[in-house]
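Below is one structure, written out as structure tokens; the observations come after it.
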Amino acid sequence: MPDTDLLMLQRDHIKTLQARYQAAMAAHGYDGLLISSGASPLQYGDDQGWAFQGYGPFLHWTGLAGFEHAWLLIRPGHKPLLSLYQPVDFWHATLELTPEPWHEEVELIYSDRRAAPQAEGVEALAVIGDPDLLVDLPGSHNPEGLCAALDETRVHKTPYEIECLAKANVLAVAGHRAARDAFLAGASEFDISLAYQQATRQREAEAPYNSIIGINEHAGILHYQYYDTATPSKSRSLLIDAGVRYRGYCSDITRTTAGLEEGRFAALVHGLEQLQFRLCDMVAPGVEYVAIHRRTHQGIAALLSAAGLVTGLSDEDMVAEGITRAFFPHGIGHFLGAQVHDVAGKPTPPPADAPFLRLTRTLEPGMVVTIEPGLYFIPSLLEPLLAGPLGMHLNHERIEELQGCGGIRIEDNVVVTEAGNRNLTREAES
């Protein structure tokens, strides 16, 4: 989509949010809403701040992830008032906005003070954001009912949001390709991280989350958080879970690459990807997301059987006995938007057989979800099975061999459409 079309979609996006927010405010008895962008708190005992990402509702309106101490005032019958903090500062660069069409939909002001703008003409004011930044402000702070209603406004993405997510996928796919090539050329985890950042042209502090880049057994640590600077003697596998933030919106993609001469592991990667294709095809209006998660366990059972990792049990028994949960311990995915794990995904708690599932809704058009099956060789989860009565059904030798590869995860970002789905990640790869 040309950038000019995207910018015009943003104008429509703001008009849609104005209507959605005003309806939520009226339903909860407010005629004014003040939204804080947030600010980076200082690290304890230091004068350095943490990396800043911006508060979700502020990003939902503006996409401005880097503006601290900014405010957005919503009032029925008025343009939204956007106040950006622009101090006179010789220590730091001052962010400025390039003129864009959406600025015509807001009243834009700059302030050299961090204070919130006055909510003139407002009788019932709600203020939302980090409580530490709302001290001494008038109004009702983070009212639970209104905040839940505002979260609901983010469940169904506007066309503008979907195109931002699509662009974030295009940028991230370039990074994943660079990461794969670096791994196959013998790079370390640290070097792969640099290759990813170089290709995406985004610092890790600006990305929606810290990239997970695990070689060999590190691929079996779900949120592996370190980067080895040394290359292992033999690079058997790479798992990279990394995204890009574009105009405030996130991509969240995972790919797994088998090393040279790792035919058995490569076959598992291929098998899991085929399962992932089928799961993505399930995404459609009216489908229970929990059903996709449960179908994943059935597919994992079939893959374990086909690979000779588990024998003598039916697929149904593998699921019922908890064997598949030892190989696939997390949920199948989550909402995606201005936050990686976007809000309002669990109006009801996850079921007992899926305790880590972040999304329990029936899918509807406009929702954007991740589909991310995994198959891991995690010692702490497999050792009790191997040592217990079910151990006779597990191929100990083959599992021990594959533990050195860590695990597999394959993740796409998928939009629920009126007719089915749109896979933003595969679209970006084509």
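Return yes when residue 99 is without any contact (Cβ under 8 Å) to a residue 60 or more places away in the chain, within 23 Å of residue 342 (Cα to Cα) and open to solvent by 60 Å² or more (accessible area, probe 1.4 Å) and no when it is not. Steps first, answer last, please.
On the way: without any contact (Cβ under 8 Å) to a residue 60 or more places away in the chain: yes; within 23 Å of residue 342 (Cα to Cα): no; open to solvent by 60 Å² or more (accessible area, probe 1.4 Å): yes.
Answer is no for this residue.
Name the one entry in 348, 360 that is farther than 26 Å from residue 239 by Cβ, open to solvent by 50 Å² or more (accessible area, probe 1.4 Å) and among the β-branched types (Val, Ile, Thr). Before the answer, list the steps.
On the way: 360 fails: open to solvent by 50 Å² or more (accessible area, probe 1.4 Å).
That would be 348, the only listed residue that is farther than 26 Å from residue 239 by Cβ, open to solvent by 50 Å² or more (accessible area, probe 1.4 Å) and among the β-branched types (Val, Ile, Thr).
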Q. Do you know which residues across the range 1-45 are touching a residue at least 40 places away in the same chain (Cβ under 8 Å), over 22 Å from residue 162 (Cα atoms) and among the aromatic types (Phe, Trp, Tyr)?
A. 30
**Q.** Residue, most open to solvent (accessible area, probe 1.4 Å), within the range 112-133, restricted to residues that are closer than 10 Å to residue 71 by Cβ and not aliphatic (A, V, I, L, M)
**A.** 114
**Q.** Members of the range 83-113 found to be touching a strand residue (DSSP E or B) at 6+ places or on another chain (Cβ under 6 Å) and not in a strand (DSSP E or B), listed by number
**A.** 86, 106
Q: Would you check which residues across the range 183-222 are part of a helix (DSSP H, G or I), among the hydrophobic types (A, V, I, L, M, F, W, C), touching a helix residue (DSSP H, G or I) at 6+ places or on another chain (Cβ under 7 Å) and within 23 Å of residue 374 (Cα to Cα) and list them?
A: 183, 192
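Hey, among 109, 74, which residue is aliphatic (A, V, I, L, M), over 26 Å from the mean Cα position of the chain (by Cα) and open to solvent by 20 Å² or more (accessible area, probe 1.4 Å)? Show your work before the answer.
Numbers: 74 fails: open to solvent by 20 Å² or more (accessible area, probe 1.4 Å).
On inspection, the qualifying residue turns out to be 109.
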Q. Taking the range 155-195, which residues are of a type outside the set (Gly, Ala, Ser) and open to solvent by less than 10 Å² (accessible area, probe 1.4 Å)?
A. 155, 158, 160, 161, 164, 165, 169, 173, 183, 189, 192
**Q.** Residue count, the range 196-226 (criterion: farther than 20 Å from residue 378 by Cβ, open to solvent by 20 Å² or more (accessible area, probe 1.4 Å) and without any contact (Cβ under 8 Å) to a residue 60 or more places away in the chain)
**A.** 8
Q) Out of (1) surrounded by fewer than 19 Cβ atoms within 10 Å (Cβ to Cβ); (2) of a type outside the set (S, T, N, Q); (3) over 22 Å from the mean Cα position of the chain (by Cα), the odd one out for residue 382 is which? A) (1)
Q | Where residue 419 falls short, out of the listed (1) under 23 Å from residue 331 (Cβ atoms); (2) small (Gly, Ala, Ser); (3) open to solvent by 50 Å² or more (accessible area, probe 1.4 Å) | A | (1)
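The values are calculated or read from the model by the stated rules, or taken from the named source; none is laboratory data. This is a predicted model, so every value here is computed, not measured. So basically every Cβ, Gly included, is an ideal-geometry build from the backbone, and we count neighbours across all protein chains shown. All accessible areas refer to the heavy atoms of the entire protein, side chains included, with ligands and DNA or RNA removed. Shrake-Rupley method; radii C 1.70, N 1.55, O 1.52, S 1.80 Å.
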